[in-house]
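Colleague: If you scroll down you'll find the structure; I have some questions about it.
The values are calculated or read from the model by the stated rules, or taken from the named source; none is laboratory data. Because the structure is predicted, anything quoted here is derived from the model rather than measured. Every residue, glycine among them, receives a Cβ derived from its backbone with ideal geometry; neighbour counts consider all protein chains shown. Just so you know, the surface numbers come from the protein's heavy atoms only, side chains and all, with ligands and any DNA or RNA stripped out. Shrake-Rupley method; radii C 1.70, N 1.55, O 1.52, S 1.80 Å.
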Amino acid sequence: MSVLVYTETDKGKFKKNALEVASYASEIATQIGTSVTAISINATDNASLGAYGVEKVLNVSDSKLDTFNAKAYANCIAQAAEAEGAKVIVVSSSADSKFLSGILAAKLNAGYVSNVVAAPESTTPFVVKRTAFSNKGFAHTEVSSEIKIIGLSNNAFGIIENSKTAAVEDFSASVNDSDFGTKSIEVDKVIGKATIADADIVVSAGRGLKGPENWGMVEELADILGAATACSKPVSDLGWRPHGEHVGQTGKPVASNLYIAIGISGAIQHLAGVSSSKTKVVINNDPEAPFFKAADYGIVGDAFEVVPELIEKLKEFKAQNA
């Protein structure tokens, strides 16, 4: 009766969130006195999960599952949970995992708790801490169902090594054609850059940059920091940046360790979507911008003066510490 963890992959390699949910599942397993089993789909480096406390990996190999499909993936995870007798299942808070978790909960008659930010406060009863009210507060939620699905917020628990030897087994999940009622026609991905979902640092900008021709300094700052680039909704609506970079309540949520907002006033929808970031820095020439009230650090100044100077200082720092 192990703790089951669904570990996401990208082109066969485990995502950063896979290592974090494995670390989290290992903590739960320690609390309830059991082991961790992972289910992976078309992964190539399964044994590497052992470094994060996983003792068994069920690997599903099926070309039909090369592209994410919520119903098909939920079916695979449900079959793995039944085979393992798992009563606790851990998933990430990625868009894909949130999509499949409701389907999985219905299949297993399980309770699903999203946006969890810490290890269980208690396992009898099972109580977890999660964010609520658009990350403005916390709720301590008791899960009373026999089977529990825990959705861990990104960067909430961290990646913790707990060296085990992971035994890798092939798992033959039944994949039905009826699962593919919805099909992905095309998937566009950013290549060679940090993604918003996995990045520790996100550099975001808004209409204060005045036009797409000025985005070079944002990208340069992001490159120096090893960060992902993002933007506010008006920027993507204007076509200055791809919609895939739009962050906020109506775009992609951000839970990075550092979020830098340049020329973004801080509308409530934007703040709600980035409030899970641990440290928020704002650069804006308007001292009354709402973002200053939510930020940990603020610079009142012209972005066209502040950002280039910040880039030069970072270059100097990196050169001195090379």
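Colleague: Go through the residues of the range 285-304 one by one and say whether even a single one is part of a helix (DSSP H, G or I), at pLDDT 95 or above and over 19 Å from S134 (Cα atoms).
Modeller: So far as the range 285-304 goes, yes, one or more of its residues are part of a helix (DSSP H, G or I), at pLDDT 95 or above and over 19 Å from S134 (Cα atoms).
Colleague: Which one is modelled with the lowest pLDDT among residues in the range 59-92 that are surrounded by 24 or more Cβ atoms within 10 Å (Cβ to Cβ) and part of a strand (DSSP E or B)?
Modeller: Taking the candidates together, the pick is S92.
Colleague: Kindly indicate whether any position in the range 273-287 is of a type outside the set (K, R), free of Cβ contacts under 8 Å to residues at least 40 places away in the same chain, surrounded by 20 or more Cβ atoms within 10 Å (Cβ to Cβ) and touching a helix residue (DSSP H, G or I) at 6+ places or on another chain (Cβ under 6 Å).
Modeller: Yes, that holds for at least one residue.
Colleague: Of all residues in the range 74-119, which are among the basic types (K, R) and under 19 Å from the mean Cα position of the chain (by Cα)?
Modeller: Of everything in the range 74-119, just one residue is among the basic types (K, R) and under 19 Å from the mean Cα position of the chain (by Cα), namely K98.
Colleague: Tally the residues that are at pLDDT 75 or above and out of contact with any Leu (no Cβ under 8 Å at 6 or more places or on another chain), restricting the search to the range 183-206.
Modeller: 8
Colleague: Further, regarding this structure: Filter the range 144-157 for residues that are out of contact with any helix residue (DSSP H, G or I) (no Cβ under 9 Å at 6 or more places or on another chain) and crowded, with 20+ Cβ neighbours inside 10 Å; which is farthest from A105 (Cα to Cα)?
Modeller: Residue satisfying both the conditions and the ranking: S153.
Colleague: Across the range 14-47, which residue is nearest to S101 (Cα to Cα) among those that are among the hydroxyl-bearing types (S, T, Y) and in contact (Cβ under 8 Å) with a residue 60 or more places away in the chain?
Modeller: Y24
Colleague: When A51 is evaluated against the numbered criteria (1) in contact (Cβ under 8 Å) with a residue 60 or more places away in the chain; (2) open to solvent by 10 Å² or more (accessible area, probe 1.4 Å); (3) within 19 Å of K98 (Cα to Cα), which criterion, by number, is the only one it fails?
Modeller: (3) is the only condition that A51 fails.
Colleague: What number of residues within the range 27-37 are open to solvent by less than 10 Å² (accessible area, probe 1.4 Å) and either outside the structural domain of N154 (by TED's automatic domain parsing) or within 11 Å of K164 (Cβ to Cβ) (or both)?
Modeller: 2
Colleague: If I ask for residues that are hydrophobic (A, V, I, L, M, F, W, C), over 14 Å from the mean Cα position of the chain (by Cα) and not in a strand (DSSP E or B), which ones from the range 238-284 would you list?
Modeller: Of everything in the range 238-284, those that are hydrophobic (A, V, I, L, M, F, W, C), over 14 Å from the mean Cα position of the chain (by Cα) and not in a strand (DSSP E or B) turn out to be L238, W240, I264, A267, I268, L271, A272.
Colleague: Continuing with this model, one more query. Looking at the range 200-250 only, could you name the residues that are aromatic (F, W, Y) and either more than 26 Å from E312 (Cβ to Cβ) or open to solvent by 10 Å² or more (accessible area, probe 1.4 Å) (or both)?
Modeller: Residue satisfying the conditions is W240 alone.
Colleague: Taking the criterion of being open to solvent by 80 Å² or more (accessible area, probe 1.4 Å), more than 29 Å from D66 (Cβ to Cβ) and in contact with a Pro (Cβ under 8 Å, 6 or more places away or on another chain), would at least one residue in the range 111-131 satisfy it?
Modeller: No, the range 111-131 has no match at all.
Colleague: For the range 159-179, name all the residues that are within 18 Å of L4 (Cα to Cα), in a loop (DSSP other than H, G, I, E, B) and of a type outside the set (S, T, Y).
Modeller: I159, I160, E161, K164, A166, F171, A173
Colleague: Quick one: how many residues across the range 119-168 are without any contact (Cβ under 8 Å) to a residue 40 or more places away in the chain and not hydrophobic (A, V, I, L, M, F, W, C)?
Modeller: The qualifying residues number 12.
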